[in-house]
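J.: Just dropping this structure here.
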Amino acid sequence: PLGAWTTLLVGLMLPEGAFVLFGSTMLALRSHSMNWSATQLGAYTSLWGLGGSVLSMAVWPRLYRSGVLDDHGALRTGVVCLGLASLVLASDPGETAFWCVLPLGVVCVGLLRTAPAALMSKRVPATSRGRALARLDAGSSACRVLLPPAAGRLVDEFGQPCAFLFIATLCAVGLLLVEAALPRSTKIKGA
């Protein structure tokens with residue numbers, strides 16, 4: 001069985017990798033299949049980034065300060081939103097669905113960019129924090145390299161819905177691993 005540290009590390013890497021895969025590969029493929037221009041896709045993805053930035057600067061800090069949202073809750077929210085967006089796009093190839101997932105994407109951008117590192121920083125002892133964050137970054141980078149070709153293969157063999165289901169599965173497995181790792185203790189020894 002995996003230790004709490006490894007379970008948390010893999011659990012944080014998978015949704016982060018799924019998020020990058022979703023934004024960098026799958027949105028472009030879907031927009032191409034809808035005959036969008038590069039300008040349209042650029043504007044669409046800019047809306048994700050703009051919305052995520054507004055949430056990151058204006059909304060999330062207030063929710064953190066008020067105690068409504070903590071790093072674990074932020075991660076859960078971001079992962080669930082990404083999983084839902086992926087399931088919607090797996091089930092509906094239309095342009096309407098593409099626009100309907102925009103609010104979910106905005107939440108993902110605002111939370112999944114920072115929540116994994118913030119959660120890791122608070123759960124790993126200070127003496128191991130640098131090494132833990134370096135491993136998280138290395139693992140997330142590996143996901144950025146390995147997941148797009150895997151999703152491309154799924155698209156080539158089975159179509160776009162399969163790749164979106166793959167993203168939703170990465171989110172579910174990652175979240176289950178994080179949930180399995182965190183109840184064990186507030187701090188994870190031996191990172």
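The values are calculated or read from the model by the stated rules, or taken from the named source; none is laboratory data. Every value quoted in this text rests on a predicted model; they were computed, and no experiment measured them. Reconstructed Cβ throughout: ideal geometry from the backbone, glycine too, with neighbour counts over all protein chains shown. Please note that ligands, DNA and RNA were not included when accessible areas were found on the heavy atoms of the full protein model with its side chains. Shrake-Rupley method; radii C 1.70, N 1.55, O 1.52, S 1.80 Å.
J.: For the chain, what does the helix formula give at 222 nm: sum of -39500 (n - 2.57) over DSSP H segments with n ≥ 4, over the residue count, nearest 500 deg cm²/dmol?
T.: Details: 10 runs with 148 residues, N = 191.
Result for the chain: -25500 deg cm²/dmol, rounded to the nearest 500.
J.: Something else now. Tell me the carbon and sulfur percent of the accessible area for the chain, rounded to whole percent, probe radius 1.4 Å. Don't skip to the end; give the middle numbers.
T.: On the way: 5990 of 9030 Å².
Within the chain, the accessible surface is 66 percent carbon and sulfur.
J.: Could you give the length gained by full extension between D137 and M34, i.e. 0.36 nm per residue of separation minus their alpha carbon distance, to one decimal place? Working shown, then result.
T.: Values: separation 103, 0.36 × 103 = 37.08 nm, distance 3.38 nm.
Extending this stretch completely gives an extra 33.7 nm.
J.: Over the chain, average the accessible area per residue using a 1.4 Å probe and give it in Å², no decimals. Walk me through the numbers on the way to the answer.
T.: Numbers: 9030 Å² over 191 residues.
With all protein chains present, the chain gives 47 Å² per residue.
J.: Right, next: If each of L146 and T114 carries a label point 7 Å out from its Cα toward its Cβ, how far apart are those two points in nm?
T.: 2.9 nm
J.: If Lys and Arg each add +1 and Asp and Glu each add -1, what is the summed charge of the other residues whose beta carbon sits under 12 Å from the beta carbon of F98? Walk me through the intermediate numbers first.
T.: Working: positive: R30; negative: D92, E95.
For residues surrounding F98, the net value is -1.
J.: Report which label in (1) 1.27; (2) 1.15; (3) 1.03 holds the value of Cα Rg over 2.2 N^0.38 Å derived from the coordinates of this structure.
T.: Checking each listed value against the structure points to (3).
J.: Same structure again: So, with +1 on the Cβ of K and R and -1 on the Cβ of D and E, and no other charges, what is the size of the charge dipole of the chain about its Cα centre, to the nearest 20 debye? Could the numbers behind the result be given before it?
T.: On the way: 15 positive and 9 negative charges, 188 e Å.
Charge dipole of the chain: 900 debye, to the nearest 20.
J.: OK, next. Which listed residue (G42, L9, V145) has the Cα farthest towards the positive end of the charge dipole for the chain, taking +1 on Lys and Arg C-beta and -1 on Asp and Glu C-beta about the Cα centre?
T.: Of the options given, the answer is L9.
J.: I've got another one for you. What angle, in degrees between 0 and 90 and rounded to the nearest 10, separates the Cα long axis of helix 102-112 from the longest principal axis of the Cα atoms of the chain?
T.: 30 degrees
J.: 5 Å is the cut-off here: which amide hydrogens, built 1.01 Å from N in the peptide plane, fall below it relative to V124, excluding neighbours closer than 5 in sequence?
T.: I188
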